[in-house]
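Notes follow once the structure below has been shown.
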Amino acid sequence: MAKELHPIDPCLIKDNTFKLIGTDWMLVTAGSIKSFNTMTASWGAFGELWNKKICICFVRPVRHTYSFMEKSDYYTLSFFDEQHRDVLKLCGTKSGRDVDKVAATGITPVAAESGAVYFSQARLVLECRKIYTHDLNPDNFIDPKIHDEYPEKDYHRMYVGEVVRCLMK
């Protein structure tokens, strides 16, 4: 039987955040239990900003999740054990416009206290309240190699969220 998620202080997360985000990946999810979308991401950050514990994620405007992020006050970041790598691969390569990702992967959506959505199979969930957005501006790229990340000129929007709840197995 799977261990239940329980609330913890985000300061107690012991994972290496570079590995957690860049190697393990995460699902960024926005919307309500009645209508939501999720996508895999491997870019982001955790930290302290404006005297708040925060998480930063990035979503391109072409992604289906983008419209949900724009309409939602809250979003979640869900992290999984390696046994769920196929879930992350599917959610990163298929669009919610074309595929019911929940049905295709078998993950179980759960309504968070804020109304945001996370997944019961996750081992770590960060429930975030959107507090700032910013569109990446190519004029501000100091390293010219960054332009190579955007052959379609579809620059990400950055979302800064205050961590309002952290759940862990």
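Rounded, prolate or oblate for the stretch 26-169? Axes are the square roots of the Cα gyration tensor eigenvalues, ordered a ≥ b ≥ c, and the cut-off for rounded is a/c under 1.5. Before the final figure, lay out each step's value.
On the way: a/c = 1.69, a/b = 1.26, b/c = 1.35.
Verdict is oblate for the stretch 26-169.
Rounded to the nearest 20 debye, the dipole size of the chain about its Cα centre is 320 debye, using +1 on the Cβ of Lys and Arg and -1 on the Cβ of Asp and Glu. Cα centroid separation, the stretch 55-74 to the stretch 131-169: 11 Å. Taking 16 Å as the cut-off, the amide N atoms of the stretch 119-153 that come nearer than this to a point 7 Å along the Cα-to-beta-carbon line of E82 belong to 123. Name the lysines eligible as straight-distance cross-link partners of K145: C-alpha to C-alpha under 18 Å, and not fewer than 8 places from it in the same chain. Reachable lysines: K153.
Maximal additional length on extending the D98-D148 stretch stands at 15.2 nm, based on 0.36 nm per residue less the C-alpha distance. Once you have a ≥ b ≥ c as the square roots of the Cα gyration tensor eigenvalues for the stretch 22-100, tell me rounded if a/c is under 1.5, and otherwise prolate or oblate according to whether a/b is larger than b/c. Oblate. Dividing the mean sequence gap of close Cα pairs (under 8 Å, 6+ apart) by how many residues the stretch 96-169 holds gives a relative contact order of 34 percent.
Bridgeable lysines around K89 (alpha carbons under 21 Å apart, same-chain partners fewer than 8 residues away excluded): K19, K101.
In terms of other Cβ atoms within 10 Å, F141, F46 run from fewest to most in the order F141, F46.
Relative contact order of the chain, please, whole-number percent, based on alpha carbon pairs below 8 angstrom and at least 6 residues apart.
Numbers: 341 pairs, mean separation 51.3, N = 169.
It comes to 30 percent, rounded to a whole number.
With the helix formula -39500 (n - 2.57) applied to DSSP H stretches of n ≥ 4, the chain reaches a computed 222 nm mean residue ellipticity of -3500 deg cm²/dmol. For the stretch 28-68, the relative contact order comes to 37 percent (Cα pairs under 8 Å, sequence separation of at least 6).
Shape class of the stretch 56-131 from the Cα gyration tensor (axes a ≥ b ≥ c, square roots of the eigenvalues): oblate, since a/c reaches 1.5 or more and a/b does not exceed b/c.
Every read-out reported here was derived from the displayed coordinates using simple, explicitly stated rules and does not represent laboratory data. Keep in mind it's a predicted model, so treat the numbers as computed, not measured. Reconstructed Cβ throughout: ideal geometry from the backbone, glycine too, with neighbour counts over all protein chains shown.
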